[in-house]
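S.K.: Okay, here's the structure, questions in a sec.
The values are calculated or read from the model by the stated rules, or taken from the named source; none is laboratory data. Model, not experiment: these values are computed from the prediction. Methodologically, a virtual Cβ is constructed for each residue, glycine included, from the backbone with ideal geometry; neighbour enumeration extends over all protein chains shown.
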Amino acid sequence: MSRSALDCWNEIVEASPKAIAIRNPDGTSASRADLQERSDWLCGQWLEEGVKPREVLAMVLPNSVEWLEAYLACMKLGAVAVPVDPGFSSLEVDGIAKDLRVRGVWNGRHFQKGYMKKPYRFRRKDVAVVKLTSGSTGKAKALYFTDSEMVADARNLIRCMGIRNDDTNLGVIPWGHSYGLGSIVYPLLLQGTRVAWTDTAFPSEIAKVCRDANCTLFPSVPTVLRALTISDCGRKDFESLRLTISAGSKLDPALARGFKSKFGKRVHNFYGSTETGGICFDRTGEAALSGSSVGEPIEGVSIIERRSNRFCVASRAVYSYGNRNFTVDGVPMVLMADFGALNSKGQLVLEGRARSVLKIGGRRINPIRIENQLKSIGGVSDALVFSIPRNGEEVLAFALESSLSREEVRPLLKERLAARDRPKKWIVYERFPVSSRGKTNIAVIKGDVV
């Protein structure tokens, strides 16, 4: 049986207590011993608040030392941590807290309590973390992970990415999301990989932190990489990096080539999901430059191809609590929402996202079919087809990511789309709006179209 994350953390603190764990944007730092002491103190405070093992605690905090000490305190008390995106509205946080029957919501200073007269307590002792899906297309979904599943995901990433204990992670992405937990938080807890963080996405600030801390790893998202590529930053700002990673949404190969040309660094595709943790990694960076795939399955992960280009992902990092799908060997698995297949090189090629068929005026419409037609228009890099309410009924709508203007697009629609497939409402963006996770923000797009 593998050691728990807390056991690993306690061992690395004991081995090198003065080693830096976190570097702050202002240049100050916290050692492993500092973080241990602060989380111990927080445990005492929470015990006075009546927190019990296996109760659920929501954390609404930005990336910070306070985030890490709260996460560690949850582990030490045996509580179930729910990292909540600080970008969520108070109403969304309130809904999550009530749905999960939390003991309270921790904001770094105090608990917001009163959600349940009797907070929920898990019967199972091994549930450690609740991951929340982005909620970009509706209500955020809660998924429950055990400590061993979180450790398994991090171990997979450490092996495939070659993350070392003497590396320094540039911690820009949100730590509470699956991507941040697996590639930043758990490498610190399991082997002491340092984190240098910044609370802003401004290119100049990211460059400053990277220079000052000599960061070697940069888990990022396409929107941040694009901002850096068009910024005034230069090669010397990111000279220390040995691995730059892109995940969260599709990486345009033109962006990967532009980043390499500007900074002399390849971008490596990383593909994963909240349900599964890491799935594929582009080890050489060649696939990112060509856009041919998202890389090969990482060690410990199996891709099981199904009919109609759907596929399942199975590994010890996939959530098991509440999951009814397992391989014959008892490994949890998930049927992915994406279409895709393995090519002759064993790399995963994604072909779009599976979505429900739209029903417009009694007619069933496959949005992916229309999206593919729209993407075939020169100058259109991405397309999203959906329905919106109008005058009491659902009508067809779409959004384009394009260098073309609306006036230039209009005549092209008649050439590519049958009259029945032409939308009632549509909008053109130079770049799709994205969430803090780097994913296309469908809720914002629908609001703009209406």
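S.K.: In segment 187-200, which residue that is modelled with pLDDT of 95 or more and touching a Ser or Thr at 6+ places or on another chain (Cβ under 8 Å) is farthest from Gly248 (Cα to Cα)?
M.R.: Gly192
S.K.: Which condition breaks for Ile377 when tested against (1) in contact with a Leu (Cβ under 9 Å, 6 or more places away or on another chain); (2) outside any strand (DSSP E or B); (3) surrounded by fewer than 17 Cβ atoms within 10 Å (Cβ to Cβ)?
M.R.: Answer for Ile377: the failing condition is (3).
S.K.: Evaluate segment 268-288: report whether one residue or more is more than 30 Å from Lys424 (Cα to Cα), β-branched (Val, Ile, Thr), touching a helix residue (DSSP H, G or I) at 6+ places or on another chain (Cβ under 7 Å) and in contact (Cβ under 8 Å) with a residue 40 or more places away in the chain.
M.R.: Yes, segment 268-288 contains at least one residue that is more than 30 Å from Lys424 (Cα to Cα), β-branched (Val, Ile, Thr), touching a helix residue (DSSP H, G or I) at 6+ places or on another chain (Cβ under 7 Å) and in contact (Cβ under 8 Å) with a residue 40 or more places away in the chain.
S.K.: For segment 385-421, what are the residues that are out of contact with any strand residue (DSSP E or B) (no Cβ under 9 Å at 6 or more places or on another chain), hydrophobic (A, V, I, L, M, F, W, C) and surrounded by 13 or more Cβ atoms within 10 Å (Cβ to Cβ)?
M.R.: Within segment 385-421, Leu417 is the sole residue that qualifies.
S.K.: Determine, yes or no, whether Leu170 is assigned by TED's automatic domain parsing to the domain that holds Cys280 and touching a Phe, Trp or Tyr at 6+ places or on another chain (Cβ under 8 Å).
M.R.: yes
S.K.: Show me the helices (runs of 4 or more DSSP H) found entirely inside segment 1-118 where at least 3 residues are modelled with pLDDT of 95 or more and not basic (Lys, Arg). Outline the logic, then answer.
M.R.: Details: elements: 5-15, 32-48, 65-77, 90-100.
It comes to 5-15, 32-48, 65-77.
S.K.: Checking the conditions here, which among Ile245, Ile184, Ile206 is in contact with a Gly (Cβ under 8 Å, 6 or more places away or on another chain) and either assigned to a strand (DSSP E or B) or modelled with pLDDT of 95 or more (or both)?
M.R.: Sole residue among the options that is in contact with a Gly (Cβ under 8 Å, 6 or more places away or on another chain) and either assigned to a strand (DSSP E or B) or modelled with pLDDT of 95 or more (or both): Ile184.
S.K.: Look through Ala30, Ala97, Ala79, Ala58 and report the one residue that is among the aliphatic types (A, V, I, L, M), closer than 16 Å to Leu188 by Cβ and buried (at least 16 other Cβ atoms within 10 Å of the Cβ).
M.R.: Ala30
S.K.: Would you mind stating whether Ile20 is of a type in the set (Val, Ile, Thr) and touching a Lys or Arg at 6+ places or on another chain (Cβ under 6 Å)?
M.R.: In short, yes.
S.K.: Run Arg54 past the list (1) in contact with a Lys or Arg (Cβ under 6 Å, 6 or more places away or on another chain); (2) free of Cβ contacts under 8 Å to residues at least 24 places away in the same chain and report the number of the one that doesn't hold.
M.R.: Result: Arg54 passes all but (2).
S.K.: Then there is this: Answer with yes or no whether Ala227 is surrounded by fewer than 17 Cβ atoms within 10 Å (Cβ to Cβ) and touching a Pro at 6+ places or on another chain (Cβ under 9 Å).
M.R.: Values: surrounded by fewer than 17 Cβ atoms within 10 Å (Cβ to Cβ): yes; touching a Pro at 6+ places or on another chain (Cβ under 9 Å): yes.
So Ala227 passes the test.
S.K.: Given the conditions (1) within 30 Å of Gly87 (Cα to Cα); (2) part of a helix (DSSP H, G or I), which single one is not true for Glu415?
M.R.: That leaves (1) as the condition not met.
S.K.: Which of the residues that make up segment 209-237 are assigned to a helix (DSSP H, G or I) and more than 23 Å from Ala21 (Cα to Cα)? Spell out the reasoning first.
M.R.: Residues of segment 209-237 that are assigned to a helix (DSSP H, G or I), as a first pass: 209-213, 222-229, 235-237.
Within segment 209-237, Pro222, Thr223, Val224, Leu225, Arg226, Ala227, Leu228, Thr229, Arg235, Lys236 meet the criteria.
S.K.: In segment 88-112, what residues are among the basic types (Lys, Arg) and within 19 Å of Gly78 (Cα to Cα)?
M.R.: Passing the criteria: Arg101, Arg103.
S.K.: I'd like the residue in segment 35-51 that is charged (D, E, K, R) and either surrounded by 19 or more Cβ atoms within 10 Å (Cβ to Cβ) or touching a helix residue (DSSP H, G or I) at 6+ places or on another chain (Cβ under 8 Å) (or both) and, out of all such residues, is nearest to Phe145 (Cα to Cα).
M.R.: Residues of segment 35-51 that are charged (D, E, K, R), as a first pass: 37-38, 40, 48-49.
Next cut, either surrounded by 19 or more Cβ atoms within 10 Å (Cβ to Cβ) or touching a helix residue (DSSP H, G or I) at 6+ places or on another chain (Cβ under 8 Å) (or both) only: 38, 40.
Working: Arg38: 25, Asp40: 23 Å.
Among them, the one singled out is Asp40.
S.K.: Out of segment 303-312, which residues are within 10 Å of Met333 (Cβ to Cβ) and surrounded by fewer than 16 Cβ atoms within 10 Å (Cβ to Cβ)?
M.R.: Listed by number, the list holds a single entry, Ile304.
S.K.: I need the full set of residues from segment 31-63 which are hydroxyl-bearing (Ser, Thr, Tyr) and in contact with an Asp or Glu (Cβ under 7 Å, 6 or more places away or on another chain), in order please.
M.R.: Ser39 - this is the single residue of segment 31-63 that is hydroxyl-bearing (Ser, Thr, Tyr) and in contact with an Asp or Glu (Cβ under 7 Å, 6 or more places away or on another chain).
S.K.: Based on what the data block shows, is Ile445 in contact (Cβ under 8 Å) with a residue 60 or more places away in the chain, out of contact with any Phe, Trp or Tyr (no Cβ under 6 Å at 6 or more places or on another chain), part of a helix (DSSP H, G or I) and within 24 Å of Arg363 (Cβ to Cβ)? So that I can check it myself, show each step before the final result.
M.R.: Values: in contact (Cβ under 8 Å) with a residue 60 or more places away in the chain: yes; out of contact with any Phe, Trp or Tyr (no Cβ under 6 Å at 6 or more places or on another chain): yes; part of a helix (DSSP H, G or I): yes; within 24 Å of Arg363 (Cβ to Cβ): yes.
In short, yes.
S.K.: With the requirement that a residue be β-branched (Val, Ile, Thr) and under 26 Å from the mean Cα position of the chain (by Cα), what does segment 1-55 give you?
M.R.: Answer for segment 1-55, where residues must be β-branched (Val, Ile, Thr) and under 26 Å from the mean Cα position of the chain (by Cα): Ile20, Ile22.
S.K.: Which of (1) touching a residue at least 60 places away in the same chain (Cβ under 8 Å); (2) within 29 Å of Ala254 (Cα to Cα) is the odd one out, the single condition Arg316 does not satisfy?
M.R.: The failed condition is (2).
S.K.: Let me ask you something else. Restricted to segment 422-435, and to residues that are surrounded by 19 or more Cβ atoms within 10 Å (Cβ to Cβ) and modelled with pLDDT under 85, which residue is nearest to Gly171 (Cα to Cα)?
M.R.: Ser435
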